Every structure is written in structure tokens, then in C-alpha cells.
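Before any comments, here is the structure.
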Amino acid sequence: MKKIAFASMAALGLTLAACDSPQENAMEDQAETMEDNRDAMVNDMEASGEITDEQADAMDDQTDAMEEQMEEQADNMDTP
């Protein structure tokens, strides 16, 4: 029974995701690209010793918050 409920929720999520406008999708793509680029930069800085593990974690948290904010802005584009 749980599998059926999970499958139904997944299908609902896909249906709702299909309702995004092209502009919203573009903004979400831009947010993901920004996150990927910052993550790569932070990993390189950490690997080269420019920053500590703690600094890298803090930057990763900041990047995640930035991406979430950008995606929320994208989601709100279609809200009347």
C-alpha cells in the first residue's frame, strides 16, 4: 500500500512540475548552474588548501540558500 501511495505522490509531483512556465524553468536551470559552478569552485579551493573544511561547508550552505531563494523566486513567477 505504501508503494502505491509513493507512486501516486511521485506522479503528482511530475504533473505539477510540468506546469512550470518556460521562464520559470529557465530561472531554475540558472539556479542549478550557479550552484554547480560554486560547488566546483569551493571544491577546488578546498583541495588547493585556500580554505578549510569548515569554510567550505559554510560556503556550501550559503550556496544552497542562494539556490533555494532563486528557485522560490522562479516558483513565484507564475503566482498571480
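The values are calculated or read from the model by the stated rules, or taken from the named source; none is laboratory data. The shown structure was predicted, so the numbers you read here are calculated from the model rather than taken from an experiment. All Cβ positions, even for glycine, are placed from backbone atoms using ideal geometry, and neighbour counts span all protein chains on display.
Test A47 against the criterion of being farther than 24 Å from Q73 by Cα, at pLDDT 75 or above and surrounded by fewer than 13 Cβ atoms within 10 Å (Cβ to Cβ), and give yes or no.
Details: farther than 24 Å from Q73 by Cα: yes; at pLDDT 75 or above: yes; surrounded by fewer than 13 Cβ atoms within 10 Å (Cβ to Cβ): yes.
It is true that A47 is farther than 24 Å from Q73 by Cα, at pLDDT 75 or above and surrounded by fewer than 13 Cβ atoms within 10 Å (Cβ to Cβ).
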For the subset of the stretch 50-76 comprising residues that are surrounded by 15 or more Cβ atoms within 10 Å (Cβ to Cβ) and closer than 30 Å to D20 by Cα, which member is farthest from the chain's Cα centre (by Cα)?
-> M59
Is there any pair with a first residue in the stretch 53-80 that is more than 10 Å from E35 (Cβ to Cβ) and modelled with pLDDT of 90 or more and a second that is surrounded by 13 or more Cβ atoms within 10 Å (Cβ to Cβ) and among the β-branched types (V, I, T) whose Cβ atoms are under 7 Å apart and which are 6 or more apart or on different chains, and what are they?
-> A56/V42; M59/V42
